[in-house]
Amino acid sequence: MKQVLEGSHAVAEAVRLARVNVISAYPITPQTHIVERLSDFCADGRLDARFLRVESEHSALAALIGASSTGVRTFTATSSQGLALMHELLHWASGARLPIVMAEVNRALAPGWNIWTDQTDSLAQRDTGWMQLYCETGQEVLDTTLQAYWLAETVNLPVMVILDAFFLSHTYEPVDIPSQEQVNGFLPDYQPRFQLDTRNPCAFNQLAPPNVYMEMRHNIQQAMDQVLSRFGQMEDGFGVVFGRRYGEVEPLQCDDAQIILVTSGTITSTSRALQQQLRADGERVGLLKIKLFRPFPADAVRRILGGAQKVAVIDRNCSFGAGGIFAQEVRAALCNLSARPLVFSYIAGLGGRDVTLDVLKLIYRHTKDCEHCPDDSIWMGLHEVHHAT
Amino acid sequence: MQLNVPDRDYMHSGHVGCPGCGAAVAMKFVLRALGNKTIMVLPACCWSIIAGPYPQSTLQIPLIHSAFETGGAMASGVRAALDVKGDKETCVVTWAGDGGTFDIGFQALSGAVERNEDFIYFCYDNEAYMNTGIQRSSSTPYGAWTTTTPGRDWKRMRKKNIVEALVAHRIPYAATASIAYPEDLLRKVSKARSIKGSRFLHIFASCPTGWRIPSEISVKIARMAVQTNIFPLYEVENGRKYTINFMPKGYLVKEYFKLQGRFKHLSESDLDQIQAMVEEDWELLLRKAGVPLQG
Ligand SMILES: Cc1ncc(C[n+]2csc(CCOP(=O)(O)OP(=O)(O)O)c2C)c(N)n1
Ligand code: SF4
Ligand SMILES: [Mg+2]
């Protein structure tokens with residue numbers, strides 16, 4: 001059934017349809033609409049789940065680690081400061097191999113206070129052992145949340161479903177809300193592989209000396225590798241029921257492209273418009289949207305970008321001292337090819353600044369005209385700064 | 001002496017605690033009263049080690065080790081999942097040290113108790129961060145040496161009164177207990193197990209290594225803490241009804257202090273001052289319990 005829905009509500013609908021058992025969350029703008037809608041669902045009986053209104057994000061994730069270890073399906077949502085506060089427990093969730101799903105609304109980190117979109121919060125957690133899926137539309141948010149449970153429960157690792165603050169979380173779009181039967185056809189009931197059980201008493205997460213710790217970590221890496229090989233299978237199953245697929249990356253006219261723009265999140269939508277305009281003008285330009293960031297789909301990236309002359313990666317994030325984070329990953333994926341494109345790294349739109357068609361045009365022009373590709377990231381649209389004296 | 005307590009143990013013989021470890025004694029007794037329909041949440045503390053490395057376990061109940069500050073939160077999640085599964089029989093407990101309770105885990109504990117989560121929180125109190133090498137906590141008593149309160153910088157702040165902090169939450173049941181009084185301890189565990197909502201047990205658990213005492217006087221020291229009124233045995237129901245379980249003869253605190261290396265730097269006048277503090281705390285407790293002050 002099609003409805004005009006906020007991105008946040010698309011998340012909530014998916015959580016309801018996924019028959020989640022325990023939810024635990026702490027409010028932070030711009031995540032609040034997700035948990036408010038879920039509170040409504042729990043209150044009016046549309047979702048039969050326990051909602052733990054804990055006293056912090058740290059406790060929200062800790063509670064879910066407890067619940068998930070006891071063998072039930074779990075969900076939380078957060079953003080920015082809240083995600084940063086959870087950091088220690090992100091490692092606990094993946095180390096304990098728990099299929100927890102989180103909606104993470106990309107928001108800038110303080111100081112100064114800024115509630116607008118910026119990917120540095122989630123990307124700063126890239127090494128925590130969580131899958132990361134970046135979304136572009138309300139429909140994709142709903143679909144990806146369902147897919148997240150499938151992936152999480154298949155490989156026993158947690159997942160972040162990531163959406164841009166406001167541009168996605170608070171934007172209304174037509175979204176097809178599937179029926180419960182459809183969802184059940186794609187996502188079976190959760191069958192935990194291990195759980196706390198008095199009939200089979202085991203110790204979880206205990207002391208792991210050097211003789212066992214490394215194997216445990218290798219298992220996590222293998223599980224991540226498995227995500228890449230199972231992603232297609234997951235999407236086949238999803239496609240049978242829903243007739244849609246997204247791909248871990250989505251290439252648009254990349255085959256004959258000389259220059260390829262690389263984007264994630266809602267910047268992709270604006271880039272689609274630019275790409276079409278430029279093609280109409282006769283430019284051989286392609287667009288690659290990266291949806292799956294962890295595990296990083298390096299093979300697909302190599303296959304699609306390897307033949308281009310130039311690549312322009314647009315990052316709404318920064319690893320200070322290193323630059324745009326998607327650009328680093330793309331460069332790393334390409335570095336062992338004997339012939340490879342020049343990879344330009346652009347930083348744009350931090351703290352919710354608009355990345356307009358004009359900004360993207362400038363990026364394209366610069367990439368096309370520039371013969372020497374700088375190692376450093378190029379910051380787009382910086383204002384002149386007047387320092388206090 | 002024959003103890004009138006259940007004798008089925010849910011701890012295997014053999015653990016890796018120090019000789020005379022009060023925390024190990026406390027666990028043994030508590031599990032006897034809880035029985036095996038119990039799931040335990042164990043934040044970082046000495047017991048993270050005592051329970052044994054992968055793939056072994058000292059305990060015969062399901063155990064989930066957890067981040068240091070998450071005792072209250074993780075137990076809330078385990079409870080929620082059991083509720084969803086319709087398991088009303090299993091008792092969820094947290095087992096944490098004083099650091100994990102008074103300090104870094106206090107927020108999560110306060111949150112869980114404010115929500116009146118249905119679980120028992122056990123704090124075994126050895127009055128410092130022992131796992132990391134005897135650093136001060138807010139449970140470390142006035143006068144104590146620790147590795148972060150060395151030399152003339154011995155701790156000059158009083159021990160936080162954790163039971164009163166929990167009582168301020170109107171917690172259904174809060175009690176103190178000691179490894180030196182096992183019958184009282186087991187009765188309190190059984191009582192706690194029969195009550196719904198949040199329950200808190202504060203167990204005095206001596207630590208030979210950290211307190212600089214010979215291991216064979218571990219239990220004696222715990223008994224003296226009660227007999228000197230340093231660690232009174234009492235319980236509080238619904239944040240209002242106080243019951244003092246043991247009326248001591250009023251031994252002088254210096255007898256207790258003089259046996260422990262961690263207090264050896266204290267002068268007679270320091271000890272007099274501590275005696276006055278202990279008396280003040282005791283009178284406050286008597287007043288709350290409605291017991292007339294003597295003499
Ligand atoms: C966030 C965090 N900070 C610090 C530590 C290190 N640490 C582990 S146990 C511990 C002290 C535990 O003290 P307490 O709770 O009193 O238990 P005890 O070791 O005394 O039994 C500390 C500081 C940790 N594991 N996690
Ligand atoms: S340091 Fe103290 S609490 Fe820790 S195991 Fe040794 S005696 Fe027990
Ligand atoms: Mg301690």
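The values are calculated or read from the model by the stated rules, or taken from the named source; none is laboratory data. A quick note: this is a predicted structure, and the numbers were derived from the prediction, not measured. Every residue, glycine as well, gets a Cβ built from its backbone with ideal geometry; the counts of neighbours run over all protein chains shown. The accessibility values were calculated without ligands, DNA or RNA, using every heavy atom of the protein model including side chains. Shrake-Rupley method; radii C 1.70, N 1.55, O 1.52, S 1.80 Å.
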Could you give the nm distance between label points at A:L109 and B:E268, where each point is 7 Å from its Cα heading toward the beta carbon? 5.9
Arrange the peptides B:144-152, A:128-136 so that the one whose residues have, on average, the most other Cβ atoms within 10 Å appears first. A:128-136, B:144-152
Antiparallel DSSP beta bridges within the stretch A:2-242, percent to nearest 5: 20
Counting protein heavy atoms only and a 1.4 angstrom probe, how many square angstrom of accessible surface do chains A and B bury in total, to the nearest 100? 2800
Rule-of-thumb check for the protein assembly as shown: C-alpha Rg over 2.2 N^0.38 Å? 1.11
Averaged across A:43-52, how many Cβ atoms of other chains sit within 10 Å of each residue's Cβ atom? 2
Extension length gain for A:A273 and A:R245 (0.36 nm per residue less Cα distance), in nm, is 8.0 nm
When the Cα centres of the stretch A:176-245 and the stretch B:212-272 are compared, how far apart do they sit, in Å? 52
Helix A:210-242: angle to the longest alpha-carbon principal axis of chain A, degrees 0 to 90, nearest 10? 80
Cα principal axis extents for the stretch B:185-269, largest first, Å: 45, 25, 17
Phi-derived 3J(HN,Hα) across the stretch A:47-63 with the Karplus relation (6.51, -1.76, 1.60, θ = phi - 60°), rounded Hz, x for Gly and Pro, is 10, 9, 9, 8, 10, 8, 8, 7, 9, 5, 5, 4, 6, 4, 6, 4, 4
Per residue solvent-accessible surface (Å²) - the stretch A:2-242, probe of 1.4 Å: 35
Starting from the Cα of B:K188, draw a straight line to each of the lysines and keep only those under 24 Å, dropping any in the same chain fewer than 8 residues away. B:K28, B:K37, B:K88, B:K159, B:K160, B:K196, B:K220, B:K241, B:K249, B:K288
Under the rule of -39500 (n - 2.57) per DSSP H run of 4 or more residues, summed and divided by the residues of chain A, what mean residue ellipticity at 222 nm is obtained, to the nearest 500 deg cm²/dmol? -13000 deg cm²/dmol
Given points 7 Å out from each Cα along the Cα-Cβ axis, report the B:L3 to B:T243 separation in nanometres with one decimal. 2.1
Measure nothing fancy, just the Cα-based angle from helix B:218-227's long axis to the longest principal axis of chain B, in degrees from 0 to 90, nearest 10. 70
Please report the spacing between the Cα centers of the stretch A:115-168 and the stretch B:85-115 in Å, no decimals. 30
What part of the accessible area of the protein assembly as shown, given as a whole %, is carbon or sulfur when the probe is 1.4 angstrom? 52
Mind checking B:58-70 for the average number of partner chain beta-carbons within 10 Å of each residue's beta-carbon? 6
Between beta-carbons, use under 11 Å as the cut-off and find the net charge around A:Q277, counting Lys and Arg +1, Asp and Glu -1. +1
FRET efficiency, B:E216 to B:E89 (Cβ-Cβ, R0 25 Å, nearest 0.05): 0.05
Which length gain, in nm to one decimal place, applies between A:E215 and A:D127 when the Cα-Cα distance is subtracted from 0.36 nm times their residue separation? 29.9 nm
Quick note, chain B: a/c under 1.5 would make it rounded; otherwise a/b > b/c is prolate and the rest oblate (a ≥ b ≥ c, C-alpha gyration tensor); here it is prolate
Return the Rg/Rh ratio of the stretch A:249-379 with Cα-based radii and a Kirkwood Rh. 0.92
How much of the pair distance distribution for chain A lies past 33 Å, counting alpha-carbon pairs only, in percent? 30
Working with all protein chains in place, sort A:L89, A:L252 by solvent-accessible area computed with a 1.4 Å probe, largest first. A:L252, A:L89
For chain B, accessible area per residue (1.4 Å probe, heavy atoms of protein chains only), Å²: 40
Just to check I understand the Karplus step: with θ = phi - 60° and J = 6.51 cos²θ - 1.76 cosθ + 1.60, what whole-Hz values come out for the stretch B:251-264, glycine and proline as x? 5, 7, 4, 5, 4, 6, 5, 6, 7, 10, x, 5, 10, 5
Per-residue HN-Hα couplings for the stretch A:362-367 [Karplus 6.51, -1.76, 1.60; θ = phi - 60°; Hz; x = Gly/Pro]: 4, 4, 4, 4, 4, 4
Viscosity 1.002 mPa s, temperature 20 °C: give me the Stokes-Einstein translational D for the stretch A:299-357 in µm²/s, with Rh taken as the Kirkwood radius over C-alpha pairs. 176
With r defined as the distance between the Cβ atoms of A:A322 and A:H87 and R0 fixed at 22 Å, what FRET efficiency is calculated, to the nearest 0.05? 0.70
At 0.36 nm per residue, minus the direct Cα-Cα distance, what do A:T356 and A:R193 gain on full extension? Give it in nm, one decimal, please. 54.0 nm
In peptide B:47-55, what is the residue-averaged number of other protein chain Cβ atoms found within 10 Å of each Cβ? 4
